[in-house]
Each structure stands twice: as structure tokens, then as C-alpha cells.
Amino acid sequence: MYSIERAFDIYGKEVKLITIRNDRNMEVKLLNYGATLVELLIPDRDGNIENVVLTHDEIEDYISNPSYFGATVGRTSGRIDKGRFVLDGKTYNLNKNYGVNQGHGGNKGFSFRVWDYSVSEKDGETAVQFTYYSKDMEENYPGNLMVKVTYTLRSSNELVIEYEGATDKKTLCNLTNHTYFNLSGNYKRKITKQYLKIKSKAYLEMNESQIPIGKYIDVEATPMDFSEFKLIGRDIEENYIQLSMTKGYDHTWILNEKYNQIEMVDKLSGRKMTISTTYPSVVIYSFNFPSNERLKQSKMSSKYDGICFETQYEPDGINNKGFNSGILDVGEKYHEKTEYKFFVIEEMI
């Protein structure tokens, strides 16, 4: 089931708000501006249906969207050191929008573009397919890149995001989604009061510019260890140099297994989310620097209101030999997938 309505106009184009639903009271709202996830409504253990992602109060606020609420990020997610990389002996200097670095695709990355879209229904599933044609040297990336992002809502209360791409010239491609989750429903409680588990033995050490330096750090006996369920807030303000630099979690975990690599639980509502991804790593950001956004439910955003799970190749992989480079060549097909499944539980598992 789906419906479509006008959201706003930008660049002379009409932007649409697309709502898809299943028969288990799950509803997803999407914009074709930034291929953005706007709202995600699911029931708690008492049947109360509430929003579990951070959502701007006014739909027009997605035009600027400083914290990238729900947006598709590209061509590359994360930072590129000094906004520079080399491909086949040629140096490319990207637009720098994160200090001396390039971040999340540049000044006007995929998060701030109007995408084409189509909606399809089959076997109880509804899919919204967004496509965008990124021209050669857009934000100074080489190659004409055609990308496709498909959101599929399944009857099992699972939301699947698939990323596809093809280029006519060797380039970089590392797409992710920037949704902030809060399973309490309508942001009633901070994410520091919710539980997280990550199937990971190592995270990436960063320098002061938040660029991974190529060193894997064992999570054991550190505040970065979520190998068992742990309150997100338990260690978030520990005197640990990597946390002190970012004022909370904003780091890359290397994922060990192929399925259910991430689990999040809000005990009071009974909501549980599992995340499975084909990507090798995830950047987890605990909303350490809100930008005074006004949220739905007449609330001003504040620190730790939500948490991002940016599944992706390792950031700045092109400049680190041991990482996935994020290079996409002519004739290759970029295809990655992240699945978010929602449950109601009576107690912690």
C-alpha cells in the first residue's frame, strides 16, 4: 500500500513525500529529495504506533538538513583526507566541506539532489526505487555515475535498502543511509537508555580530523566493546581519547559476521531492531553535535537523541591500503544491501 503527496518545490522541481505501509502497522515515509527516510512508524509491545527515527518538524527543513536526517549519502560517505585521492596516477581534488577534508559527498552530494522515483507492489511488498544520474566531475568526482537506491517494506516488518551503481569511468562509490534511530518512540528517551550489541572485534583508530589512520584497535576492555548487550550510555563519556575527540561515538566498527551484525533494544517499549548488511563496516554516530533542529512532537533536538548506523566501506579507504578502496570501475556493478528488521520482545534476549 502506498500514497504520494507534494512536499515542496526546489530547483524548479516538485519533491514528493511517498508513504508505504504493510498490514502489520508499519509505515515508512520517504522523500525523493536525497532519497531520504523521513519517518518510520512501528508498534510497541502494547500496540502503540510511534515514530522511531529523528524527523524534522517541517518538511521544508529537509532542504538544508544539516545533520543529514535519513538521507542517502554519496558519492562517498564519511571523510576523504584533505579532499584528495589518486586514481590511475591522476590526482583529484574534491570540494572540501568538512574543514580541510571532504565529507559525505561534498557541498552538494546525493543528500541534496532531487532523485527520480517509481513505486511497485508485489507479493505483499512495496518497493520505492530512487535513481540519480551524477555527471562527470560533479563535486570533482570522475565519471558519469548512475545510482539506484531501493527501499522495500516487507510484510515481516523489515525495511531493506539496496544500493546499486554503474559508471563510465573509474571513480569512487561508497553509499550509505544516515537515519538516526531511537526505539523509545517519538524520542521519549535518549538513546543512552537503550541497549546495543555489535558483532565486532575491532574498530578503526582516528586522528584529530576524524580520519582513520589504518590501525585496527581491539575493542576488548575498551568503551568501544559492544560484543554483548550494553547500555549505549554506559561508557559514552568515559575518559578515553578516541571518545574525547568526538564527544561520544562517531567511529568505524569492523563487522565480523554476515547476518544480524547489529542489534538495538529499548526495554521499556519492547522494540528491538536487528541490522544485517553486506558492507564490511559500520560508522556509528550518537548525535554528539545537534544543529538545533526542531523535531516532530514539538521538541528541539539535543545530544544523544538518536543514533546512526552508517553501513559502508571503511571511510577514506582510497587513501588506506588495508581498507576497501571504494573504487568502482567501468563494467563493474556496485550492489550492496542493508536490512533493518523490527520485533517486539517481552524481555532482553
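Coordinate-derived values only; no laboratory data. Everything quoted here is computed from the prediction, not taken from an experiment. Positions of Cβ are generated from backbone atoms using ideal geometry, with glycine treated the same way; all protein chains shown enter the neighbour counts.
Quick notes on this structure:
- Each of ASN25 and ASN95 was given a label point 7 Å from its Cα along the Cα-to-Cβ line. The distance between the two points is 4.4 nm.
- Pairwise centroid distance, computed over Cα atoms, of region 112-177 with region 290-349, Å: 15 Å
- DSSP-assigned coil residues among trypsin sites (Lys or Arg not before Pro) in region 296-327, each with at most 12 further Cβ atoms within 10 Å: LYS321
- With θ taken as phi - 60° and the Karplus curve 6.51 cos²θ - 1.76 cosθ + 1.60 applied, the whole-hertz 3J(HN,Hα) list for region 161-176 is 10, 10, 10, 9, x, 8, 10, 9, 7, 3, 8, 10, 8, 8, 8, 8 Hz, x standing for glycine and proline.
- For region 2-344: span of alpha carbons on each principal axis (Å, largest first): 60, 51, 37
- Residues within the reach of a label modelled at VAL344 (point 7 angstrom out along Cα to beta-carbon, backbone nitrogen below 13 Å), restricted to region 25-45, are 25-26, 42-45.
- Counting other Cβ atoms within 10 Å as a rough exposure proxy, the listed residues MET300, MET273 run MET300, MET273 from fewest neighbours to most.
- Taken about its Cα centre, the chain carries a charge dipole of about 320 debye when Lys and Arg each add +1 at the Cβ and Asp and Glu each add -1 at the Cβ.
- Pairwise FRET efficiency - ASP57 versus GLU14, Cβ, R0 = 22 Å, nearest 0.05: 0.55
- Using C-alpha pairs under 8 Å with a sequence gap of at least 6, the mean separation divided by the residue count of the chain gives a relative contact order of 18 percent.
- From most to least packed by mean Cβ count within 10 Å, the peptides 274-281, 54-61, 119-126, 169-176 give 169-176, 274-281, 54-61, 119-126.
- Potential lengthening of the chain between GLN297 and LYS135 amounts to 54.4 nm, from the contour at 0.36 nm per residue minus the alpha-carbon distance.
- Nitroxide proxy distance, nm - points 7 Å out along Cα→Cβ at GLU208 and ASP88: 3.8 nm
- Selected from GLY47, GLY83, GLY306 as most flexible by GNM, with the chain as the system and alpha-carbon contacts under 10 Å: GLY47
- ³J(HN,Hα), Karplus 6.51/-1.76/1.60, whole Hz, each residue of region 271-278, x for Gly, Pro: 7, 10, 10, 10, 10, 10, 9, 7
- Extended-chain gain in nm, criterion 0.36 nm per residue less alpha-carbon gap, PHE229 and ASP123: 34.6 nm
- Using θ = phi - 60° and Karplus 6.51 cos²θ - 1.76 cosθ + 1.60, couplings along region 92-103 (whole Hz; Gly, Pro as x): 10, 9, 7, 5, 9, 10, 10, x, 7, 10, 9, x
- GluC sites (Glu not before Pro) within region 143-248, DSSP loop, no more than 10 other Cβ atoms inside 10 Å: GLU208, GLU220, GLU228
- Subtracting the Cα-Cα distance of ALA221 and ASN186 from 0.36 nm times their residue separation leaves 9.2 nm of extension gain.
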